[in-house]
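The values are calculated or read from the model by the stated rules, or taken from the named source; none is laboratory data. As the structure is a prediction and not an experimental result, all values here were calculated from the model. Note: ideal-geometry Cβ built from the backbone for every residue, glycine included; neighbour counts use all protein chains shown. Accessible surface is based on the protein model in full, side chains and every heavy atom, while ligands, DNA and RNA are left aside. Shrake-Rupley method; radii C 1.70, N 1.55, O 1.52, S 1.80 Å.
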Amino acid sequence: MEIKFIVDNNVGKLAKWLRIMGYDALLFSGEDDGKMVKVALAQNRVILTKDTQIMKRRLVTSGRLKAILIEDDDIGAQLHQVVEALNLDYHFSPFSVCIECNQRLIEKDRDAARELVPPYVFKTKRLYMECPSCHRLYWRGTHWQAMSRELKKLAGKQ
Ligand SMILES: [Zn+2]
């Protein structure tokens, strides 16, 4: 079964990078920890947080709910901690999850993308992926390459 996350606000940057790696990472932006725990339990998500109180909850101490207490402030170190703890792959499934809304991307017909991307992009890129929620288009262009490079840097840092 694929591993899924719920990311607490206090380590919110992790959500972006886990999505770039291709993991389902829901960002929890509410204040109510109880609600986050409920969602985690209902959707079978691993909690990522800096909040030690969450780690003391019965559901977590009993092992019914998995939570990882993030120790570092540095995003590279945070990511490394999660990758190590759960044996994740930095290159799990790149280019498959919307970075903005955590939806699984769907391949878009190249002809349908023609009107939506700059001509030089259309000429050189074959594969287009679309978010079913925000309809943002993704392709392996310069923006994507920059993110991949940054991820590689984060991955290699440790
Ligand atoms: Zn989206």
In terms of solvent-accessible area of protein heavy atoms at a 1.4 angstrom probe, what is the ranking of T124, T52, highest value first?
T124, T52
Which pairs break 32 Å Cα to Cα here: K123/K152; K38/K125; K16/K56; K38/K108?
K38/K125; K38/K108
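Scan the chain and hand back the longest stretch that contains none of the trypsin sites (Lys or Arg not before Pro) lying in DSSP loops with at most 12 other Cβ atoms within 10 Å.
With trypsin sites (Lys or Arg not before Pro) excluded where exposed in loops, the chain gives 65-125 as its longest stretch.
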Using a simple spin-label model with points 7 Å from Cα along the Cα→Cβ vector, what separation in nm is obtained for K56 and K123?
6.3 nm
For the chain, what % of the accessible area comes from carbon and sulfur atoms, probe 1.4 Å?
49 percent
Using 0.36 nm per residue, how much length does the chain from I3 to M147 gain when fully extended, once their Cα-Cα distance is taken away?
49.6 nm
Result for the chain: accessible area per residue, probe 1.4 angstrom, in square angstrom, of 58 Å²
Short version: what are the Cα gyration tensor semi-axes of the chain, square root of 5 times each eigenvalue, largest first, in whole Å?
32, 17, 12
Label-point separation, C101 to V39 (7 Å along Cα→Cβ), nm:
1.5 nm
Applying the gyration tensor rule to the Cα atoms of segment 74-133 (axes a ≥ b ≥ c; rounded if a/c under 1.5, else prolate if a/b exceeds b/c, else oblate), the class is prolate
Accessible area of E107, 1.4 Å probe, to the nearest 10 Å²?
130 Å²
So how do I106, I99 rank on accessible area, 1.4 Å probe, biggest first, that is with the largest at the start?
I106, I99
Specify the inter-centroid distance of segment 19-81 and segment 110-124, based on alpha-carbon positions, in whole Å.
39 Å
